[in-house]
Amino acid sequence: MSATSGVGLSGLDVLEKRLEQDMAWLKIPAPAWTPTLERNGQAVYDVVVIGAGMAGLTASAMLLRYGIHNQVVYDQAPQGLEGPWLTYARMDTLRSAKDLVGPAMGLPALTFRAYYEARFGADAWSALGKIPRPLWAEYLLWLRTVLKIPVKNGIQVTRIQPRADGVVQIELTRDGQEQTALARHVVLANGRDGLGGPAIPAFAYTLNKKYWAHSAEAIDFSALQNKRVIVVGGGASAMDNAATALEAGAGRVDLLIRRKDLPRVHKFNGIKSMGVVHGFASLPDDWKWRFLGYVLDESTPPPGPSVLRVSQHANAHFHLGNSIVEVKENALSATVVTNKQAYEADFIIFATGFKVDLAQKPELQAIADKIKFWGDRYTPPTSLGLKSGAINELKNTPDLGASFQFLEKKPGICPGLERVHCYTYPAVTSHGKLSGDIPAISEGAERLARGIISELFVEDKEIHFHNLCTFSEPELTGSEWHDEG
């Protein structure tokens, strides 16, 4: 596939040939090695990945790399609109540095830098600041194509049910038709809201929906021209949505920020290293919570360019230390009352993030009350000094096994639950930041894939031993020597 061929110093066509040669030298993908299984005449996938965004593509590619060919990736979005990049992500550029390796999985020709230089040249790479968001979406689609990831779009997963016979049953709909798939393992790679959805304050629901939206929803910003817009929140998403409204011609944008000051330092950047990537999961519980709780308590600042993108507009107004007390609906507008004053708005955008809330995920209802969470496992001592917000957020993340698998809240309550793997952001408490962000996505996918492969091999040990015993390809024919007694 060559979206733009012959541009730059080499062109994507040349890069793809190099990638093909690299993969051939490394014998990637490995030959298929798992046995073919059926249940009542229905074929069983080794793995079904749910979500074809960055995490899902990387997980699938890593499984292919190690010979798991009997797999499929489902995504409800049309091709090219997987993930947030061309939907509700509204930043101009990615937040990450341009030279992070990301989903390249150790292959230089798969890096974004290789892709960019092939299209635009080395000089353009040197001049590039941050990665333009739409271009990142193009890059991921290119990865999907060159790696031959088996994605099926337009599929809505409606139910995930582990069964006692060693498979997980997946109910889904496609073009209005109900279907069933069976898999030995299911990987949830369905994004930041994969175990929940938007975190929307309860008072928002007292307003007519025409007056508000969450930042993760589709918003017609052109309809906000000359309007009074309130953005609730002070994080990156709040800045991006405020800037988008301003750039669309909003008459006035007020940012209502609960904190008395914006955080200044991205604390997690202070320990970014391969030590954190590979060592975090081995930390004692107290230390996991100490690290993550401290970062949550300190909070993450919005990127400087995102704040400047807002503040350069004279009709943008920052209001810090404003906690919302109530909202009121008027005849043609809404009023937001804070601890300081009241603000009038024609439209309100709640940039209030996401939360783990299994009630928002109908497809997980069969297992929702069976999953073990950190709140079931651990209570932090007061000596850690964590604030209640950090404690509540961490305890509401799943306690996962070594290959990101769900664990049972009570042994025996849901046989087969361990066949469902949580490769989404809430895995952070168990594994660190391996499953949602660009920097360590390849390392996370490798851990996931190696775990699933190990489980598949051990489960099929009798089949593999039989194959060992019946293997009969001769190394010697008997003609290679003469026995003189």
Here are labelled values, [x] 22.7, 66; [y] 20.7, 64; [z] 25.2, 108, and one is the computed Rg and Dmax of the Cα atoms in Å for what I pasted. Which one?
[z]
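If you roll a 1.4 Å probe over the heavy atoms of the protein chains, what accessible area per residue do you get for the chain, in Å²?
Details: 23100 Å² over 485 residues.
In whole numbers, the chain has 48 Å² accessible per residue.
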Taking the chain as the reference, fit the longest principal axis to its C-alpha atoms, fit the long axis of helix 236-247 to the helix C-alpha atoms, and give the angle between the two in degrees, 0 to 90, nearest 10.
60 degrees
Hey, quick one: spin label on H319, modelled 7 Å out along Cα-Cβ, who in the stretch 254-273 has an amide N within reach, i.e. under 14 Å?
254-259
The chain: relative contact order from alpha carbon pairs under 8 Å, six or more residues apart, as a whole percent, is 18 percent
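Filter the GluC sites (Glu not before Pro) in the stretch 414-485 to those in DSSP coil with at most 13 other Cβ atoms within 10 Å of their Cβ, and list the result.
Qualifying residues, ordered by number: E475, E480, E484.
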Based on DSSP H runs of at least 4 residues, each adding -39500 (n - 2.57), what is the mean residue ellipticity at 222 nm of the chain after dividing by all its residues, to the nearest 500 deg cm²/dmol?
-8500 deg cm²/dmol
Between the stretch 118-163 and the stretch 361-380, how many Å separate their Cα centres?
31 Å
Positive minus negative residues near N467 (Lys, Arg vs Asp, Glu; Cβ under 11 Å)
-1
Pairing the Cα long axis of helix 54-65 with the longest principal axis of the chain, what angle in degrees results, from 0 to 90 and rounded to the nearest 10?
10 degrees
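Could you work out how much longer the chain between V14 and K340 gets when fully extended? Use 0.36 nm per residue separation minus the Cα distance between them, nm to one decimal. Working shown, then result.
Details: separation 326, 0.36 × 326 = 117.36 nm, distance 6.08 nm.
Taking 0.36 nm per residue and subtracting the Cα distance, the gain is 111.3 nm.
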Set of lysines near K433 by C-alpha distance (under 26 Å), chain-local residues within fewer than 8 positions excluded:
K98, K130, K267, K272, K288, K355, K361, K370, K372, K387, K395, K409
If I stretch the segment between A223 and K152 completely, what's the gain in nm (0.36 nm per residue apart, minus their alpha carbon distance), one decimal?
22.2 nm
Using alpha-carbon coordinates, inclination of helix 461-470 to the longest axis of the chain, degrees:
30 degrees
Evaluate E = 1/(1 + (r/R0)^6) for A199 and N40, where r is the Cβ-Cβ distance and R0 equals 35 Å; express this FRET efficiency to the nearest 0.05.
0.25
Under 12 Å from the Cβ of L384, count the other residues' Cβ atoms, weight Lys and Arg +1, Asp and Glu -1, and hand me the total.
0
Starting from the Cα of K27, draw a straight line to each of the lysines and keep only those under 17 Å, dropping any in the same chain fewer than 8 residues away.
K17, K148
For the stretch 273-370, calculate the relative contact order in percent as a whole number, restricting contacts to Cα pairs under 8 Å that are 6 or more residues apart.
11 percent
Inter-site label distance for S333 and L26 at 7 Å from Cα along Cβ, in nm:
5.8 nm
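Between D357 and W481, what FRET efficiency follows from the Cβ-Cβ distance if R0 is 60 Å, with the result rounded to 0.05? Could you put the intermediate results ahead of the total?
Numbers: r = 72 Å, r/R0 = 1.19.
That pair, D357 with W481, gives E of 0.25.
The values are calculated or read from the model by the stated rules, or taken from the named source; none is laboratory data. Quantities reported herein were computed from a predicted structural model and do not represent experimental measurements. Cβ sites come from the backbone with ideal geometry, for glycine too, and all protein chains shown count toward neighbours. These area figures cover heavy atoms from the full protein model, side chains too; ligands, DNA and RNA do not enter into them. Shrake-Rupley method; radii C 1.70, N 1.55, O 1.52, S 1.80 Å.
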